[in-house]
1. Against the condition under 18 Å from the mean Cα position of the chain (by Cα), open to solvent by 40 Å² or more (accessible area, probe 1.4 Å) and closer than 29 Å to SER375 by Cβ, how does PHE84 come out, does it pass?
2. When region 358-416 is examined, which residues are found to be without any contact (Cβ under 8 Å) to a residue 12 or more places away in the chain and within 24 Å of GLU331 (Cα to Cα)?
3. With the structure loaded, tell me whether PRO186 is of a type outside the set (Gly, Ala, Ser), in a loop (DSSP other than H, G, I, E, B) and closer than 28 Å to VAL277 by Cα or whether it fails that test.
4. Run down ALA269, ALA328, ALA319 and say which single residue is open to solvent by 40 Å² or more (accessible area, probe 1.4 Å) and among the small types (Gly, Ala, Ser).
5. Of all the residues that make up region 425-451, how many are of a type in the set (Asp, Glu) and either in a helix (DSSP H, G or I) or in contact (Cβ under 8 Å) with a residue 40 or more places away in the chain (or both)?
6. State all residues of region 87-109 that are over 18 Å from the mean Cα position of the chain (by Cα), without any contact (Cβ under 8 Å) to a residue 60 or more places away in the chain and not in a helix (DSSP H, G or I); if no residue qualifies, say none.
7. Of the numbered conditions (1) at pLDDT 90 or above; (2) open to solvent by 20 Å² or more (accessible area, probe 1.4 Å), LEU90 satisfies every one except a single condition; which is it?
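The values are calculated or read from the model by the stated rules, or taken from the named source; none is laboratory data. All values derive from a computational prediction rather than experimental measurement. We place every Cβ from the backbone using ideal geometry, glycine too, and count neighbours over all the protein chains shown. When the accessible area is computed, the model is the full protein with side chains, heavy atoms only, and any ligands, DNA or RNA have been set aside. Shrake-Rupley method; radii C 1.70, N 1.55, O 1.52, S 1.80 Å.
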Amino acid sequence: ARPSRSAAAGGARSGHGRPPPGEEPAGAMVGGIILATALVALAVLFARRRRRHGRSGRGAAPLEIGIFHPYCNAGGGGERVLWFAVQAILSAAPTAKLCIYARRSSGEPAAILGRASERFGILELDGSRISFVFLATEKLLDAETFPRLTLLGQSLGSMVVGLEALWRGGCPDVFFDTMGYAFTYPLAWAAGATVASYTHYPTISTDMLSRVYERRPAYNNDELVSGSVVNSRLKYAYYVVFCAAYRVAGRFAQVVMVNSNWTRGHIEALWGTSARVVFPPCDTREFSQAATEPKRRVIVSLGQFRPEKDHRLQIQALAALKVQLDAAGVEVPALEMLGSCRGAADEQRVAELRAFAAQAGVGSLVHFRLNEPFSQVKTALGSALLGVHTMWNEHFGIAPVEMMAAGVVLVAHCSGGPKLDIVADGETGFLASSAAEYAAAFARMLALFDAG
């Protein structure tokens, strides 16, 4: 059973990450001053623009909806939500016009729509009602642009990108952010738009505060910080101020949707507003039809090659499993990693994972299957015995749902959406946190499979 609304929210509020008394109001004041100053300037700017374009006399003109999703062609779970939302809006509002704010490197409009149809099985998108604004400032959204103070840099960068989107695309009636760039909301509000948001993952969370406060290393809390008391306290103070600014920005959204109970708990705690859970569209029918027998004795994973997906833990789990099975004289299954690469940074990450697998002694057992079409993804999942998902605090988990629908026995991380909304441990799958726990679950299922 899913946890209650109060339980989800309470979990987000608990923990050592809560700012000590006195810090939160100070952070709120700083964050509020920064955003209020920007807001006044931008309100004047957009008021002038709206007067020049005479938008007050639109009458019965078609509804204009601007969708802020720069990575619209990335092919991941967030993009599945985007394109199903586009399809639903076009159907529900027959005269509406949609403008998608996209990275300049996304490709041509026809290619973007074609990939959406191929990757997600979405048909009948009326291209005549969909336009694109390709953003020249796209690099300001990349983490690589801001090696330090990344959250702040990307958030301020998103404001610049959002400003470009609104300036070049015109001021829409509805500004719909489907990626979680909350710092664009004051801009859209200043432009006169109704602001709607669909958040997959909060930009910052109380869990992140806890990790810094407790000095636990992670992909977003490296040892240079976690190994130093001074650096950890400085980063913690930075996070507290950022939390306050994030709260102010988020409150400009008039319609707030999230993808899971885990995300709802965090957003309601951080923004101080109510949020509605709208679970992502999961193609269980397509994947259940792809399920085949007999199963291949392999482990599959599905997800973009982003650092938070923690593919290294999958390799470590395979290496731990290899030690167990080698000692018992049992064949070690291969690990097939299916996923998309968004650009050069992801491709470099794949190269590093290949090297890591070789160092762990499982290089020949790890197979990378990149950017494969939807039909091949379905076939791979439908024929596999085991699945693995290792992201800590995954906001929801479309990939886990798809793997389970395809008949895969899933071992997912014991946190976030998989724990709260998807996997009943020991009944519909397994939950694990360490490489040893993953390996133990794999070994258990392989023994049952080999026994017939």
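1. yes
2. Listed by number, the residues that qualify are ALA358, GLN359, GLY363, SER364.
3. no
4. ALA328
5. Step one: list which residues in region 425-451 are of a type in the set (Asp, Glu), which gives 425, 427, 437, 450.
Imposing the further condition that a residue be either in a helix (DSSP H, G or I) or in contact (Cβ under 8 Å) with a residue 40 or more places away in the chain (or both) reduces the set to 437, 450.
The total comes to 2.
6. Across region 87-109, the qualifying residues are ALA93, PRO94, THR95, ALA96, LYS97, LEU98, ILE100, GLY107, GLU108.
7. (2)
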